[in-house]
Every structure is written in C-alpha cells, then in structure tokens.
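Asker: Next up is a structure, given as structure tokens.
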Amino acid sequence: MAPHNVKWGILATGGIADSFVRDLLLDPSARDAADISHTVVAVSSSSSAARAEKFIADAGIPSPCAAYGSYEALVTDPNVDVVYVATPHSHHFQNVMLVLEAGKHVLCEKAFTVNAEQTRILVETARKKNLFLMEAVWTRYFPLSIEVRNLIKKGVIGEVLRVSADNSFGDKPEEKFGTEHRMVNKDLAGGALLDLGIYSLTWVFQTLYHTLPKESRKPPSKVSAHITPYHLTGADEATTILLTFPTTTPSNDEHPGESQAIATTHLRVWSDPDQANSARPAIRIQGTKGEIQVDGPAFRPEVYRIIPLKGGEVKEKKFTFPTNGRGMYYEADEVARCLRDGKLESEGLPWEESIVIMDVMDEARRQNGLAYPEKIESTVYPTQL
C-alpha cells in the first residue's frame, strides 16, 4: 500500500518554520514511518511573496511549491491539506481561526494561544467544522517521551508522587534580548512562561496526568506560582509553578492520595550550565520504587535513566534522532496518521489536555498580575494585530 501523503502549507517563514520544513523533507522510512509521507506545497509570508520564495529556496523545498505574500492566500490554496502555524504565540488565535474558517486542518506551534479561552474557542471551532487541530508540542511524540510514559504506566517506579521539571536558558536578557525581541516583548506575549515553561509543564502533565486513563485524569487541585518580571518590559523572566494533583499514577491504589509537581523556567540561569549534561537531569519523576531521570534539555532530551530505590542496577538509555533531524518530524507524522485515520485530535495531546495546561498558565499569570495587551488577549475574531 502506498504511504498516506499529506500536503502541507507553511504559515510564516521564521526559524521554527525552517526547522520544521527541513524535517518534513527527510525520508520517513529512515525513522520507521514508511506508512506516511509529507509534501510542502505552499509557503506564506505576511510581508511578501519574495520572502516566501527565498524561504522555499533556502530550505530546498522541491517544486512545485507556491509562494504567497499573505496568509489569506495560503489558506485558500486548494492543494493544501493542513497548515502549520509558525507565528509568535501572540498571533496564534487569529492565525488559527483564519485557517479553520477556510476549512483547513491545523498544526499550531506551542504555546497554543495566549490564554485558555482562546484555546477553547479554537477547539470548538475545529469540532464544529470537523477539522483536525493539534498543538505542536513536539516533545510529546519523541520515542523517549512515549517510552517514559509507558514505563510509568507499567509501574516500573511504583506510584509516582512527585515530578520536578526545569527548562531554563540563562543569559543577561538586557544584552541578549533588549526590549523588542519576542522573548521579552509583551506585545508578542513574550516571557519565559509561554515559550520555555510550557516544556516544564509538558513533563509534569505527560507524567502525572497523561499516564492515567482518560476518565481518571483530573486537573490540578492547587496551583501556586511565583513570577519575577523582567524590569525593562514587564514580561516574566522567571516563573516557578507548584502544582498538586488530586491523584497519583498509574493506579492510585498503592498510595491513594495526591501527587505534587514543580515546573520552573528562567532567563538568567541554566538547566545545564555547560550544555554538556554535566548537570544531569532536567526532569526527575519520583515514585515509591525509584525514579526516572531525564537529562536536558527538556524540549529535546536524548537520555533517560531508571534508578531503583535503595540500590539495584541503574539502567540508562540513549536515543538518537534519525537522519540527523531536529525531531519535529515525529509530530508531523502524528498529524499525517490522524488525518489518514479520520481523527480530529491526537491522543498524544488531546484538546482537553491543552486547555487544562493553558488554564494553569492563566492561573500563574493571574496570581502575579501578569497580563498581555488587550488585543492579543482578545477572543474576538477577527482582530487586527
């Protein structure tokens, strides 16, 4: 049987779009994904068709591939099956609504939106229009992440009671970002939380929440957050979130009670100071029979180890990314299979879970008085940004 081919439209031409497209162009069979294939048929820049043409040439996208100078032109292209939205998260709500209203499926970069209400509207729109929609949290689809979740479900480290996860990139923001860079610009929903902290929360949720059967998953019963603002713009430069879940995983029988988590992110300190994994785990998943440690970076880990309680053999496993890819092809493969199978959402990150995570980030901001400009928090479509 021929592989199921998906025709992609790429909305925006920044660095993340370039990484995604280069992964799409790699041979799927080299990563045991011969059942699907990807074709990039259109690219759009919001500024000019010439910029889209340059992107196509630089990325080596084979012809034919249409180049558009507006997002409106991209979403009306009849050759496009699914659109990858690669704009800053400040623009996701407006951009994804544009795509959905045009009747196209969507893979949208994380964080899904600026607030949970925007995400809820996107989900309801996709549901009503019978369209596929997924938040592009690529880490969820790595073989390492899937394996760690399965180890938890099998009870390898017993009942999981605590998770700590960090994703931090230390530098002097004043020198690295100034005030206009998207990482610290509140007009672009900048700050550590939505861009980096989402990965810390990803590990908290995929271990303490997603490993439970769907009917047993419950949102955090307590959320407490501390945010340090970046003095030049007011965006968060450091965020720490403490969470209590009303259940443990995988069974809640051995220890019927709560589990706890800490998710941290920072723009001035590092998860791994020398970037050589000397700091070891960025994620610790602690159970009653031992723990699983995952070395950083949290967004693209390559090593985990199982450490039994009170002695026993430590088992370490290292993963590589086939064809030297970035690893974004795994989420693209998931999209292709969901479209092939007629699914509207991915079981790896269901709509409901994306909303619950957005709720947590909303609550962290609420507790610390962190708001973005009204126009990017707006749930009115269309709103000119």
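Matching residues to (1) touching a strand residue (DSSP E or B) at 6+ places or on another chain (Cβ under 9 Å); (2) more than 20 Å from Asp333 (Cβ to Cβ); (3) of a type in the set (D, E, K, R):
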| residue | (1), (2), (3) |
| --- | --- |
| His38 | yes, no, no |
| Thr76 | no, yes, no |
| Asp81 | yes, no, yes |
| Ser90 | no, yes, no |
| Leu100 | yes, yes, no |
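Asker: Go through segment 260-292 residue by residue and tally those that are of a type outside the set (Lys, Arg), touching a residue at least 12 places away in the same chain (Cβ under 8 Å) and within 20 Å of Leu196 (Cβ to Cβ).
Answerer: Number of matching residues: 18.
Asker: Mind checking which strands (runs of 3 or more DSSP E) fall wholly inside segment 256-355 and carry at least 1 residues that are open to solvent by less than 30 Å² (accessible area, probe 1.4 Å), under 27 Å from Leu212 (Cβ atoms) and among the charged types (D, E, K, R)? Reasoning before the result, please.
Answerer: Working: elements: 259-266, 281-287, 290-295, 303-308, 315-318.
In segment 256-355, the matching strands (runs of 3 or more DSSP E) lie at 290-295, 303-308.
Asker: I need the full set of residues from segment 116-147 which are open to solvent by 10 Å² or more (accessible area, probe 1.4 Å) and under 17 Å from Thr379 (Cβ atoms), in order please.
Answerer: Hits for segment 116-147 are Glu117, Arg120, Ile121, Glu124, Thr125, Arg127, Lys128.
Asker: Do any residues in segment 316-341 that are touching a residue at least 12 places away in the same chain (Cβ under 8 Å) have Cβ atoms under 9 Å from those of residues that are open to solvent by 30 Å² or more (accessible area, probe 1.4 Å) and of a type in the set (Val, Ile, Thr), where the two are at least six apart or on different chains, and which pairs are they?
Answerer: Close Cβ pairs satisfying both conditions: Met328/Ile16; Tyr329/Thr323.
Asker: Test Val96 against the criterion of being outside any helix (DSSP H, G or I), of a type outside the set (Lys, Arg), within 23 Å of Pro350 (Cβ to Cβ) and in contact (Cβ under 8 Å) with a residue 12 or more places away in the chain, and give yes or no.
Answerer: In short, no.
Asker: Read through the list (1) in a helix (DSSP H, G or I); (2) open to solvent by less than 40 Å² (accessible area, probe 1.4 Å); (3) closer than 22 Å to Thr139 by Cβ, then give the number of the only condition that Arg365 fails.
Answerer: (3) is the only condition that Arg365 fails.
Asker: Still on this model: Return yes when Ala59 is within 24 Å of the chain's Cα centre (by Cα), surrounded by 22 or more Cβ atoms within 10 Å (Cβ to Cβ) and under 24 Å from Phe321 (Cβ atoms) and no when it is not.
Answerer: Considered against the rule, which asks whether it is within 24 Å of the chain's Cα centre (by Cα), surrounded by 22 or more Cβ atoms within 10 Å (Cβ to Cβ) and under 24 Å from Phe321 (Cβ atoms), Ala59 comes out as no.
Asker: Can you confirm whether Thr113 is among the β-branched types (Val, Ile, Thr), outside any helix (DSSP H, G or I) and either in contact with a Cys (Cβ under 8 Å, 6 or more places away or on another chain) or open to solvent by less than 10 Å² (accessible area, probe 1.4 Å) (or both)?
Answerer: So Thr113 fits the description; yes.
The values are calculated or read from the model by the stated rules, or taken from the named source; none is laboratory data. It should be emphasised that the depicted structure is a prediction, and the values quoted were computed from it without experimental measurement. Glycine gets a Cβ as well: all are built from the backbone with ideal geometry, and neighbour counts include every protein chain shown. The accessibility values were calculated without ligands, DNA or RNA, using every heavy atom of the protein model including side chains. Shrake-Rupley method; radii C 1.70, N 1.55, O 1.52, S 1.80 Å.
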